[in-house]
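Every read-out reported here was derived from the displayed coordinates using simple, explicitly stated rules and does not represent laboratory data. If you're wondering where the values come from, they're calculated on a predicted model, not measured in any experiment. Neighbour counts run over all protein chains shown; Cβ positions are idealised from the backbone, glycine included.
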Amino acid sequence: MAVLVTRPQPDCETTAEALRGRGFEVLLAPMLRFEPMAFTDDMEIDYGAVIATSANALRAIEPQLAASRLLELPLFAVGEHTAAAARKAGFHKVLSARGDAAGLRDLVLESVRARTLKNKALKKTAVLLYLAGADLARDLTGELGERGFSVVTQTTYRMIPVTSLPPEACDAFTANAVEAVLHYSRRSARAFMEAVRAGGVEISALAVPHCCISSAVAAVLRDAGATQLMVAVTPDENALFGSLTRALRPGLA
């Protein structure tokens, strides 16, 4: 019996390694495909800070950041995973929020109020560079704009839905050899449902526990007919693993 991971590459490999370290067998079925987009740093804009809600936004432009002026700016990351990608890309001053866009917004506001960065460029009239994906679940630009910031959004990547499951994943559902599925986003959850329908394994797929990183992700599976839903207590992978343990090893939770 295996846990099916729907997270895109390359993060699914890291997730698989962590799960195997916890004693789980793993199957990979990335439901979104990462595609970088062209990025241009407008040198006429004097940015005060950078914000990022995804590690992929940084991976997409990492090759272009060598010796970039942006690396000297403070970067606000949505969570520690994104913060780690920012440090890897070369950012020197990285601040991490609690794992969601609302937390990121509040972190920016609190840093300005507390003047913790000691950066004269970062004030309420500062221009923020938002490194983003093509599909945004929240209007972070608008929320910060309402609080006095100018935000320039640069779309650095997009995620393309994958239309079919890998053959081994289809075979595992047919053989009732999948014990749970991990879901990381609403888009990947929707792609998963389309793929299991196309593969003729929807009934088997809906019969297993589905562990979701947020209640919004769980709603996609609930609307599709899933009844065994576990939601991470916080929107991060450690908490998601906790929901998996509660679903499959309740005595250890």
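Give me the extension gain from E17 to S215: residue separation times 0.36 nm, minus the current Cα-Cα distance, reported in nm with one decimal.
On the way: separation 198, 0.36 × 198 = 71.28 nm, distance 2.53 nm.
Separation in residues times 0.36 nm, less the Cα-Cα distance, equals 68.8 nm.
Mean shadow of the stretch 35-160, computed from the convex hull of its alpha carbons, in nm²? It would help to have the intermediate numbers written out before the result.
Working: hull surface 27.8 nm².
Over every viewing direction, the Cα hull of the stretch 35-160 projects on average to 7.0 nm².
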request  = Mark the label point 7 Å from the Cα of E35 along Cα→Cβ and return the residues of the stretch 172-195 whose backbone N is within less than 19 Å of it.
outcome  = 186-192, 194-195
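What number, in percent, do you get for the relative contact order of the stretch 26-103 if the mean sequence gap of Cα pairs under 8 Å and at least 6 apart is divided by its residue count? Don't jump to the answer; show the numbers that get you there.
Numbers: 107 pairs, mean separation 21.5, N = 78.
Taking the mean separation of contacting Cα pairs over the length of the stretch 26-103, I get 28 percent.
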query = Normalised by the number of residues in the stretch 35-160, what is the relative contact order in percent for Cα pairs under 8 Å and 6+ residues apart?
reply = 32
task = Give me the distance in nm between label points sitting 7 Å out from Cα along the Cα-to-Cβ direction at S68 and S150, one decimal.
result = 2.0
Long-range HN-HN contacts of L4 with modeled amide H, under 5 Å = L27, E179, A180, V181, L182
query = So for the chain, taking the charge dipole from beta-carbon charges (+1 Lys/Arg, -1 Asp/Glu), which of A175, P10, L244 sits furthest toward the positive end?
reply = L244
remark   = Karplus-derived 3J(HN,Hα) from phi for the stretch 63-74 (6.51 cos²θ - 1.76 cosθ + 1.60, θ = phi - 60°), whole Hz, x at Gly and Pro, runs x, 8, 8, 4, 6, 6, 4, 4, 5, 8, 8, x
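For every helix of n ≥ 4 consecutive DSSP H residues, a contribution of -39,500 (n - 2.57) applies; sum these over the chain, divide by its total residues, and give [θ] at 222 nm rounded to the nearest 500 deg cm²/dmol.
Values: 10 runs with 94 residues, N = 253.
Rounded to the nearest 500, the figure is -10500 deg cm²/dmol.
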key: Loop-exposed GluC sites (Glu not before Pro) per DSSP, neighbour cap 10 Cβ within 10 angstrom, longest uninterrupted part of the chain   = 147-253
request  = List the residues whose amide H sits under 5 Å from the amide H of S96, counting only those 5 or more places along or on another chain, with H placed 1.01 Å from N in the peptide plane.
outcome  = A77
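Once the other residues with Cβ under 15 Å from the Cβ of Q64 are scored (Lys, Arg +1; Asp, Glu -1), what is the net sum?
Details: positive: R59, R69, K88; negative: D41, D42, E62.
Net of charged neighbours comes to 0.
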note = Phi angles of the stretch 150-159, converted by Karplus (6.51 cos²θ - 1.76 cosθ + 1.60, θ = phi - 60°) into ³J(HN,Hα) in whole Hz with x for Gly and Pro, give 9, 10, 9, 9, 10, 7, 9, 7, 9, 10
key: Fluctuation leader among T14, T163, T155 - the chain, Gaussian network, Cα springs under 10 angstrom   = T14
request  = Quick one: check the C-alpha center-to-center distance for the stretch 47-121 versus the stretch 214-238, whole angstrom.
outcome  = 28
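Note down the net charge around V231, summing +1 for each Lys or Arg and -1 for each Asp or Glu among other residues with Cβ under 12 Å from its Cβ. The partial results should precede the final answer.
Details: positive: R222, R246; negative: none.
My count for the surroundings of V231 gives +2.
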